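One structure is given here, and the rest of the page talks about it.
Bear in mind these aren't lab numbers, they're just calculated from the coordinates by the rules spelled out. For clarity, every value in this text was computed on a predicted model and none was experimentally measured. Glycine also receives a Cβ, built like all others from the backbone with ideal geometry; neighbour counts cover every protein chain displayed.
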Amino acid sequence: MSNESLFERAQRVIPGGVNSPVRAFRAVGGTPRFITRAEGATIIDAEGRRYIDYIGSWGPMILGHGHPAVLEAVQRAASEGFSFGAPTEREIELAEEILKLVPSMEQVRLVSSGTEAAMSALRLARGATGRQKIVKFEGCYHGHADSLLVKAGSGLATFGNPTSAGVPPDVVRHTLVLEYNNPAQLEEAFALHGADIACVVIEPIAGNMNFVRAGVPFVRRLRELCTQHGALLLFDEVMTGFRVGLESAQGLYAKAIPGFAPDISVFGKVIGGGMPLAAFGARRSVMEQLAPLGPVYQAGTLSGNPVATACGLATLREIQKPGFFDALARRTRSLVDGLLAAAREAQVPMAGDCEGGMFGFFFADSLPQNYSAVMATDKERFNRFFHAMLERGVYFAPALYEAGFVSAAHTEADIAATLAAARDALKV
Ligand code: KE4
């Protein structure tokens with residue numbers, strides 16, 4: 001069947017024809033590609049078209065699709081049993097591996113999605129502090145738990161409004177939404193509400209604004225204010241975790257800010273290697289507030305699923321191999337530098353940035369530092385470029401506010417082919 005006929009059929013039985021909205025191409029228009037299989041850096045659609053894949057399932061596929069060691073681990077785990085609803089040694093192994101790589105955490109709890117991890121971490125922060133208010137930043141996405149589907153209120157001091165129907169205003173009245181990278185708003189929020197803030201949740205590199213870094217001075221001050229007021233700093237590393245480097249984004253900030261560490265961290269995507277697996281962790285005194293030890297309830301039928309943990313563990317072992325991230329970062333940097341060179345050649349304003357295997361580019365003169373600046377970039381130009389590249393066999397994220405991802409399977413030839421297509425597509 002063609003993508004078009006599959007999309008028509010899908011829309012009859014699935015809302016919007018997709019199981020996650022961004023897949024429907026509504027931001028860029030056109031018909032989504034129904035993928036039949038993938039190998040290495042390539043995905044293949046229902047019409048047999050091959051694409052160089054820069055989505056990688058929105059981050060998880062850091063090794064590329066079908067890595068032999070991961071495939072073998074998953075097949076072996078599946079043959080031993082899909083799910084037991086009982087503890088397994090492999091959950092211990094994965095927890096030990098994650099804690100080895102994230103020194104800010106002493107314990108970790110495995111769950112099945114980034115949303116579930118962020119939602120649980122938020123409840124834990126509120127339970128551990130006995131406080132109700134949370135602070136998030138406009139443009140950051142932490143999954144679709146009710147208290148996180150919030151946009152900025154009418155003014156700083158007022159709390160958020162729901163961004164989604166079905167979220168009672170009462171649920172979000174404890175959520176304060178500030179502008180990303182805005183220290184003045186941070187100071188004011190803590191001056192007004194410091195004693196009531198349970199936690200501040202942030203994407204350290206905001207991949208849900210395509211690619212916007214939290215400035216080092218901003219993060220340093222955020223850490224100071226959280227410590228001063230007894231609020232927990234929650235790093236949402238679902239996208240950046242083990243993607244921007246082996247030490248995740250918190251490792252980058254720890255290099256720039258001596259002694260820096262978040263209080264709670266959330267992971268997903270890469271740690272599942274493409275299977276439903278996410279995690280949240282903190283120091284022991286916080287984690288021990290969780291059931292069955294403490295009063296904060298959290299649970300999950302498939303949490304720590306034996307097949308998902310096998311996939312995640314095999315993935316984490318591969319990315320620790322010597323030189324993995326150096327090679328990945330070089331490959332990603334060559335892509336971004338090549339795109340910027342092609343845009344200069346075509347006299348098209350483009351700004352771009354990358355870290356490890358994550359990148360972003362904007363049709364703008366400079367890198368946006370917050371949500372409103374991202375949304376002011378040239379959307380029409382982005383959408384034209386997206387489709388021109390898709391037609392040339394290159395699959396970027398179908399929305400200007402989404403990040404891009406390079407895998408270890410992307411070759412120099414893939415990057416060269418992408419840049420050749422871009423030189424062409426920029427003329428469209
Ligand atoms: P999931 O529930 O989708 O596993 O994770 C939610 C989440 C939490 N935190 C961050 C920083 C995230 O980026 C995400 C999910 N990312 C999106 C991409 N923008 C997933 C793609 C989708 O929604 O289909």
Quiz prompt | Ordering of 404-411, 371-378, 308-315, 17-24 by packing [mean C-beta count within 10 Å, highest first] | solution = 308-315, 404-411, 371-378, 17-24
Self-check item: Beta bridges per DSSP with both ends in the chain, % antiparallel, nearest 5
Solution: 60 percent
Quiz item: When the chain is treated as a GNM, springs tying every alpha-carbon pair under 10 Å, which of 232, 316, 71 comes out with the largest mean-square fluctuation?
Solution: 71
Self-check item: Under the Karplus curve 6.51 cos²θ - 1.76 cosθ + 1.60, θ = phi - 60°, whole-Hz ³J(HN,Hα) for segment 13-22, x wherever Gly or Pro sits
Solution: 10, 10, x, x, x, 9, 9, 7, x, 4
Quiz item: Given labels modelled 7 Å from the Cα in the Cβ direction, how far is it in nm from residue 228 to residue 151?
Solution: 3.2 nm
Exercise. Would you list, by chain and number, the lysines whose Cα falls below 20 Å from the Cα of residue 100, excluding same-chain residues fewer than 8 positions away?
Key: 255, 269, 321
Self-check item: Cleavage-rule hits (chymotrypsin sites (Phe, Trp or Tyr not before Pro)) in segment 83-157: DSSP loop, at most 14 neighbouring Cβ within 10 angstrom
Solution: 84
Quiz item: With the chain treated as a Gaussian network of Cα nodes joined by springs under 10 Å, which of 268, 30, 139 yields the largest mean-square fluctuation?
Solution: 30
Self-check item: Pairwise FRET efficiency - residue 19 versus residue 293, Cβ, R0 = 30 Å, nearest 0.05
Solution: 0.30
